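Engineer: One structure, as structure tokens, below. Some questions next.
The values are calculated or read from the model by the stated rules, or taken from the named source; none is laboratory data. Not measured: the values here are computed from a predicted model. Here Cβ is always computed from backbone atoms with ideal geometry, including for glycine, and neighbour counts include all displayed protein chains.
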Amino acid sequence: LFHFLADDVWRSLSFLRRRKNCTLFHGSSLDKALRNKSVTTVCLFFRPSPREVLKWAESLEALLTNQYGLVVFRHFLRSEFSEENLDFWLAVERFKRIRPLSKMAARATKIYEEY
């Protein structure tokens, strides 16, 4: 049963598999590339393994900490007109890591104003 589930997940994400000669926005990151509204016209070159894809089902954190999972999730949220929710979450996660702490107030204000 587990093997069939893995195959189903792998097949359902077949849109991620592309030709080997594709490029990705001249070296920019996957997440930044997906923010570009013309991403559907660009050939994304990445292939998550079936093992990576199955880990995404374990937790939201596993999905969001995986570069491929983040791209796929952002693509889904965009289709649901909810991409800004992910942007907010990512901004808060970056906020948590701010050092020195004296910069936190300014960043908190920026997040508040933006979202």
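Engineer: Name the residue that is nearest to Glu61 (Cα to Cα), counting only residues in the stretch 95-115 that are surrounded by 11 or more Cβ atoms within 10 Å (Cβ to Cβ) and not aliphatic (A, V, I, L, M). Don't jump to the end; show me each part of the working.
Structural biologist: Step one: filter the stretch 95-115 for residues surrounded by 11 or more Cβ atoms within 10 Å (Cβ to Cβ), giving 95, 98, 103-104, 107-108, 110-111, 115.
Pick out the ones that are also not aliphatic (A, V, I, L, M) and you get 95, 103, 107, 110, 115.
Details: Phe95: 17, Lys103: 26, Arg107: 23, Lys110: 24, Tyr115: 21 Å.
Per the criteria, the residue is Phe95.
One line per residue, one yes/no per condition, for (1) small (Gly, Ala, Ser); (2) in the same structural domain as Arg47 (by TED's automatic domain parsing); (3) within 10 Å of the chain's Cα centre (by Cα):
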position	(1), (2), (3)
Leu63	no, yes, yes
Asn66	no, yes, yes
Gly69	yes, yes, yes
Arg74	no, yes, yes
Ala91	yes, no, no
Pro100	no, no, no
Glu113	no, no, no
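Engineer: While we're here: Yes or no: Ser82 within 19 Å of Glu114 (Cα to Cα) and either within 10 Å of the chain's Cα centre (by Cα) or at pLDDT 90 or above (or both)?
Structural biologist: Details: within 19 Å of Glu114 (Cα to Cα): yes; either within 10 Å of the chain's Cα centre (by Cα) or at pLDDT 90 or above (or both): yes.
So Ser82 passes the test.
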